Amino acid sequence: MADAGDVRRLALALPEVEEIPSEGFDFRVRGKGFVWSYPERNPGQRRVIRTDVAVLYVGDEAEKQALLLGEPELFFTTTGYEGFPLVMLWLDKVGVERLDELIGDAHRMRSEG
């Protein structure tokens with residue numbers, strides 16, 4: 001299963017990637033975020049950076065819904081991400097090969113868009 005170190009290694013292997021200083025991980029291509037650690041916010045509490053959960057750019061609402069419905073054991077969302085083409089991914093439940101594919105897709109969509 002994957003972890004934050006895998007995210008960092010896979011993201012930095014892609015062209016034009018910049019790592020933004022963060023409590024967790026935060027990667028951008030051409031100034032646009034494509035994968036970062038989940039900033040969990042609970043009412044009345046400080047924000048907690050979750051390095052066990054990656055936020056991924058997925059391009060559009062249709063892809064977001066396909067991932068959420070097709071693989072609910074891997075992907076989830078929160079009300080804070082409603083209307084945005086983003087999903088959250090449990091890193092400890094995804095294999096490194098699949099993570100590589102997901103990060104590559106997110107990078108490609110952000111670098112083309």
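Throughout, read-outs are computed from the coordinates displayed, never taken from laboratory work. From a predicted model like this one, the values you see are computed outputs, not experimental measurements. As a convention, Cβ positions derive from the backbone with ideal geometry for all residues, glycine included, and neighbour counts pool all protein chains shown.
Plugging the Kirkwood radius over Cα pairs into Stokes-Einstein for segment 4-112, at a temperature of 37 °C and a viscosity of 0.692 mPa s, what D comes out in µm²/s? Before the final figure, lay out each step's value.
Working: Rh = 14.0 Å.
Approximately 235 µm²/s, per Stokes-Einstein.
Over the chain, with a Gaussian network built from C-alpha contacts below 10 Å, which listed residue (Arg50, Arg41, Arg28) shows the highest mean-square fluctuation?
Maximum among the listed residues: Arg41.
Would you work out the charge dipole size for the chain about its Cα centre, treating the Cβ of every Lys and Arg as +1 and the Cβ of every Asp and Glu as -1, and quote it to the nearest 20 debye? Before the final figure, lay out the partial values.
Details: 14 positive and 21 negative charges, 82 e Å.
With Lys and Arg at +1 and Asp and Glu at -1, about 400 debye.
Which loop GluC sites (Glu not before Pro) in segment 14-103, with loop taken from DSSP, have no more than 14 other Cβ atoms within 10 angstrom of their Cβ? Write down the numbers at each step before the final one.
On the way: sites: Glu16, Glu18, Glu19, Glu23, Glu40, Glu61, Glu63, Glu73, Glu82, Glu97, Glu101; in loops: Glu16, Glu23, Glu73, Glu82.
The qualifying sites are Glu16, Glu23, Glu73, Glu82.
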